Amino acid sequence: MDAELQNVIARFPQIQKIKEIKPIQSGLINRTYRVVTDEADNYVLQCINHQVFTDVDLLQHNIECVTSHIRAKLIARGEQDVERKVLRFLSTPEGKTYYFDGTHYWRVCVYIRGSHTQDEVTPDTAYLVGLKFGEFESMLADLPDKLDETIPDFHNMEFRMAQLREAVQADKAGRREKVQALIDRIERDAEEMCLAERLYREGQLPKRVCHCDTKVSNMLFDADGKVLCIIDLDTVMPSFVFSDFGDFLRTAACTAAEDEPDTDKIHFNLEIFRAFAKGYLESAVSFLTPLEIEMLPYAVRLFPYMQAVRFLTDYLNGDSYYRIQYAEHNRVRALAQYKLYQEVCKALPEMYDFIKTQIHAD
């Protein structure tokens, strides 16, 4: 066994009789391992990427608050097999759910037996994702603990526009002329797309406890295809519900990859939207305000627009944030996301009509 991993696991004395430790390749941020034992439980060991999550104490505080609150809700309503329906993290003898070895931060959660993830998005899975993430937000709507942002300004459109304008002004990589037309188109809609932050300052729009990384691969399924629980809780933080609604559809309802160079292939799949929105509203309508519901189609516009801004900013800055595969990759990404934004705008009337039918279905 690797000496580093052996030293880390020793800080979590609940783990006994280890048979093997094997890397898990999925996931782009944290380094992850499956710990197999001779005991009833197996475990997931992670090295937390503290370049991304700079305040690990805050990160784990958020996760502990969320998982303990969900666990209490599940027990209170008499759920069976609670251990498979919410993550449980182990504590060190010092009472922390992470260990710092002087260089890296580590944590361990119990592996949920008989579970698997999936990546394919169909109308059926989109409905399940909407239903589960709506339920997730609903269960946390009365969370008494204060959470903070694990990645500050992660989905703040005003902040992202400010970053773009700085990049345009500096033009570090000398690329502004190549993308001036796209910059101009983005600027035309900037005030409208920053609406959420203005409504929040005016007290009209609340922030909720949201997952902020809604995708089908962040849910665990059992052998029968039923959803067990939501995983990958690092980005759980206060945000607009638009984060969970819009970001899922940015990828799931797009007919092409986010870096598709042929923008004629990029369209918005309304069938996926309808399935996801139906599931989400079934479980979230109990706590959403009328304004939040009314603005859900705005959320679907917001996220491809925001991602276009982020890719364009990185392109102008010389590709310092996103990993690229070729010189113009971030420009291609920005154009693809802007095309998706345009396609979503075309679908707005149908989205608004569908949301109304769901609210008035009863």
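Take 143-152, 333-342 and order them by the average number of nearby Cβ atoms within 10 Å per residue, most first; the result is 333-342, 143-152. Taking the protein heavy atoms of region 51-126 in the context of the full set of protein chains, the accessible area attributed to carbon and sulfur is 49 percent at 1.4 Å. Placing unit charges on the Cβ atoms of the charged side chains and taking the dipole of the chain about its Cα centre, the candidate lying farthest along the positive direction among THR54, HIS116, ILE21 is ILE21. By definition, a body whose alpha carbon gyration tensor gives a ≥ b ≥ c is rounded when a/c is under 1.5, and region 4-122 falls into this rounded group. Sorting THR32, THR289 by accessible area puts them as THR289, THR32; the probe is 1.4 Å, largest comes first, and only protein heavy atoms count. Only the Cβ atoms of Lys and Arg (+1) and of Asp and Glu (-1) were treated as charged; on that basis the dipole of region 6-55 about its Cα centre amounts to roughly 140 debye.
So which trypsin sites (Lys or Arg not before Pro) in region 174-265 are both in a DSSP loop and have at most 11 other Cβ atoms within 10 Å of their Cβ? In loop regions of region 174-265 (DSSP not H, G, I, E or B), the sparsely surrounded trypsin sites (Lys or Arg not before Pro) are LYS226. Please give the helix 242-252 orientation as an angle from the longest Cα principal axis of the chain, in degrees from 0 to 90, rounded to the nearest 10. Relative to the chain, helix 242-252 is tipped by roughly 80 degrees.
Accessible surface for HIS50 stands near 50 Å², nearest 10, in the context of the full protein assembly shown (1.4 Å probe).
Ranked by the mean number of other Cβ atoms within 10 Å of their residues, highest first, the peptides 318-328, 153-163 fall in the order 153-163, 318-328. Ranked by the mean number of other Cβ atoms within 10 Å of their residues, highest first, the peptides 92-101, 253-262 fall in the order 253-262, 92-101.
Taking Cα centre as origin and charging only the Cβ of basic (Lys, Arg, +1) and acidic (Asp, Glu, -1) residues, the dipole magnitude of region 257-328 rounds to 260 debye. Between GLU177 and ALA10, the contour length at 0.36 nm per residue exceeds the alpha carbon distance by 54.5 nm. Apply the a/c threshold of 1.5 to the C-alpha gyration tensor of region 88-197 and tell me whether it is rounded, prolate or oblate. Here region 88-197 falls in the prolate category.
Solvent-accessible area of CYS65, all protein chains in place: 10 Å² (probe radius 1.4 Å, heavy atoms, ligands and nucleic acids excluded). Ranking ARG31, ARG107 by solvent-accessible area of protein heavy atoms (1.4 Å probe, all protein chains present), from largest to smallest, gives ARG31, ARG107. In the assembled protein chains, LEU291 presents an accessible area of approximately 40 Å² (probe radius 1.4 Å). Applying a threshold of 22 Å to the alpha-carbon distances of LYS178/LYS215; LYS226/LYS265; LYS278/LYS346; LYS226/LYS278; LYS132/LYS346 flags LYS178/LYS215; LYS226/LYS265; LYS132/LYS346 as lying beyond it. Using alpha carbons only, how many degrees (0 to 90, rounded to 10) separate the axis of helix 56-76 from the longest principal axis of the chain? The two axes meet at around 80 degrees. Per residue, the accessible area of the chain comes to 47 Å² when a 1.4 Å probe rolls over the protein heavy atoms. Of the solvent-accessible surface of region 230-291, computed with a 1.4 Å probe and all protein chains present, 51% belongs to carbon and sulfur. Mind running the shape call on region 156-255? Use the C-alpha gyration tensor, a ≥ b ≥ c as the square roots of the eigenvalues: rounded below 1.5 for a/c, prolate if a/b tops b/c, oblate otherwise. Verdict is prolate for region 156-255. Legend: Rg and Dmax of region 296-339, from Cα coordinates, 11.0, 36 Å.
Going by Cα centres, region 218-275 and region 138-195 are how many Å apart? One Cα centre to the other: 20 Å. Its Cα centre serving as origin, region 210-311 has a Cβ charge dipole (Lys and Arg +1, Asp and Glu -1) of approximately 220 debye. Build a GNM of the chain with springs between Cα atoms under 10 Å apart, and of LEU296, LEU74, LEU45 the one that fluctuates most is LEU74. When only Cα pairs below 8 angstrom with a gap of at least 6 residues are kept, the chain shows a relative contact order of 18 percent.
The values are calculated or read from the model by the stated rules, or taken from the named source; none is laboratory data. Remember, it's a predicted structure, so these values are computed and weren't measured experimentally. Note that each Cβ is placed from the backbone with ideal geometry, even for glycine, and that neighbours are counted across all protein chains shown. Surface areas here come from the heavy atoms of the whole protein model, side chains and all, with no ligands, DNA or RNA. Shrake-Rupley method; radii C 1.70, N 1.55, O 1.52, S 1.80 Å.
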